[in-house]
Amino acid sequence: TGLSVRADALNLTETEPTKLTITRHTTNFAAPLTVTLTNGDSSELNFATEVTIPAGQQAVTIDVASLEDNENDGLQTVSITAAASGFLTGRTIINVDDPPLGDLSGVQFNDRDADGTRDAGEPGLSGWTIYLDLNQNNQMEMGEPSVLTDADGNYAFTMLTPGNYRVASMPMAGWGRTTPASGFQSSAVLGGLVTANVNFGVLQNGFDSASGRLTIVAGAFDSIAVAANAGQVEVTRNSLLDSDFSGISASDVSSIVILGGAGDNTINLQAVTAADFPQLSSTIVYESDSGVDQLFGSELPDQLFVAGNDTIQTEEGDDRISVRDLEFAAIDGGNGADALLLDGAGMHLNLSALADGRLMGVEEIDITGSGANQLSLGPLDVIELSDESDTLTVRMDADDSLSIGDGWNL
């Protein structure tokens, strides 16, 4: 009399399951039989170490799981032994191989127009450190893989175990992030494939005379204000004049980009006027970290990208306020036709549930985002939302939803 062990599949890729059948070879099945199973490598396979063949049955089948061991250790042969009192031992082997490896690549680039997308003519930046933030603490630490971008700004991580990775770009002094504003993004790596275009856009502090763009990079906990004095640009940082922006004529500035830093920033553009900056067509502020920021817009059309417990107040102009989450403390669009954009997925903005004064001065809400957003409102919400109009424009995609509640007169 003896035992035999048979696996449905003898060759597995990590995380692939199979089944194991233990059979007793005897003429007497009247009593149950307890069988002890020995696992040759518990880091590769997982299954019960003791099973019972029921009375009246010759065999029992159990589940076997192959495990992701996060090691590129190649093909491993695991022995499985079955033993029971009065029976000869049974044995089999299962081969467990690593899953196909994948690659991840992208580019660090100079986002000259601050639109968060690499456009034709925007150069890659060499010598930037890109790393895999394995413990997701926003710091590069010993043991975390890292590479430097090449002469064209390209980088690549090769032979990665399939899974989700947080990819991050190390900040450099005098540069601010445009995309992603957090400096990191999560990407899935699939076996045998290349995950490409995991890109990082940045802008350098200073004035670009060719484009007329004034870029201000805020540091941690900086308070930034922009104005004009006697026709010259005046930037104050923590109440002190910033000499990096001295000698710049306000009439040469066509756009202002402010890139927020870590911590709590205050950005004040209220002194930026069309009279002082006659060529200025747009202001863009990125404050998409989790800090408690305060943003005060100009009388011109502002584009504000925010997240976290921020307070936003804009003035004249048709402003666009983009929020990555719904944690904002207060938003006041001021005068003009102002729009609130939900820049995410699965967000539910319920106007009826907002405290008084938390959202006002908005004439348009765009919930298209990146998928499946929801807006709930009632007639009183529309009336209270804007001093300019009793009309609210809602923009949405097919996977978004709008709930208008009760109390409407149709």
Residues satisfying the stated conditions in the range 169-215, i.e. surrounded by 15 or more Cβ atoms within 10 Å (Cβ to Cβ), without any contact (Cβ under 8 Å) to a residue 60 or more places away in the chain, under 19 Å from GLU287 (Cβ atoms) and of a type outside the set (Phe, Trp, Tyr): PRO171, GLY183, GLN185, ASN205, LEU214
Which one of the conditions (1) surrounded by fewer than 22 Cβ atoms within 10 Å (Cβ to Cβ); (2) closer than 30 Å to ALA337 by Cβ does ASN238 fail to meet, given that it meets all the rest? (2)
Index of the failed condition, GLY102 passing every other in (1) modelled with pLDDT of 95 or more; (2) within 30 Å of GLU122 (Cα to Cα): (1)
By residue number, the members of the range 94-139 that are assigned to a strand (DSSP E or B) and hydroxyl-bearing (Ser, Thr, Tyr) are SER105, THR129, TYR131
Would you mind finding the one in ASP252, ASP242, ASP276, ASP264 that is in the same structural domain as ILE312 (by TED's automatic domain parsing), of a type in the set (Asp, Glu) and closer than 18 Å to GLU287 by Cα? ASP264
Every residue from the range 327-380 that is of a type in the set (D, E, K, R) and within 24 Å of the chain's Cα centre (by Cα): GLU327, ASP343, ASP366
From the option list ALA275, ALA230, single residue qualifying as of a type in the set (Gly, Ala, Ser), at positive phi and free of Cβ contacts under 8 Å to residues at least 12 places away in the same chain is ALA230
Which residue, of GLY317, GLY297, GLY333, is on the phi > 0 side of the Ramachandran plot, assigned by TED's automatic domain parsing to the domain that holds MET360 and buried (at least 20 other Cβ atoms within 10 Å of the Cβ)? GLY317
Does ASP222 qualify as being without any contact (Cβ under 8 Å) to a residue 60 or more places away in the chain and under 28 Å from ILE365 (Cβ atoms)? no
Looking at the range 59-78, which of its residues are closer than 28 Å to MET159 by Cα and among the polar types (S, T, N, Q)? SER66, ASN70, ASN72, GLN76, THR77
Under 6 Å by Cβ, and 6 or more places apart or on different chains, what pairs join a residue from the range 240-266 that is within 9 Å of LEU214 (Cβ to Cβ) with one that is surrounded by fewer than 15 Cβ atoms within 10 Å (Cβ to Cβ) and not acidic (Asp, Glu)? SER254/GLN279; SER254/SER281
Filter result (of a type in the set (Val, Ile, Thr) and in a loop (DSSP other than H, G, I, E, B)) within the range 285-302: VAL292
How many residues, within the range 285-297, are without any contact (Cβ under 8 Å) to a residue 40 or more places away in the chain and of a type in the set (S, T, N, Q)? 2
Scanning the range 341-363 residue by residue, those buried (at least 19 other Cβ atoms within 10 Å of the Cβ) and either of a type in the set (D, E, K, R) or closer than 15 Å to GLY308 by Cα (or both) turn out to be LEU341, LEU342, ASP343, MET347, LEU359, GLU363
Pick from LEU354, LEU380, LEU340, LEU375: which is assigned by TED's automatic domain parsing to the domain that holds GLU316 and under 23 Å from PRO301 (Cβ atoms)? LEU340
Checking the structure you have, find out if any residue of the range 164-174 is polar (S, T, N, Q), within 12 Å of the chain's Cα centre (by Cα), at pLDDT below 90 and outside any loop (DSSP other than H, G, I, E, B). no
Being in contact (Cβ under 8 Å) with a residue 12 or more places away in the chain, in the same structural domain as GLY163 (by TED's automatic domain parsing) and of a type in the set (A, V, I, L, M) narrows it down to one residue among ALA114, ALA55, ALA30; which is it? ALA114
Kindly indicate whether ASN229 is surrounded by fewer than 19 Cβ atoms within 10 Å (Cβ to Cβ) and not assigned by TED's automatic domain parsing to the domain that holds ASP113. yes
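The values are calculated or read from the model by the stated rules, or taken from the named source; none is laboratory data. For clarity, every value in this text was computed on a predicted model and none was experimentally measured. Don't worry about glycine lacking a Cβ; one is built from the backbone with ideal geometry, like all the others, and counts go over all protein chains shown.
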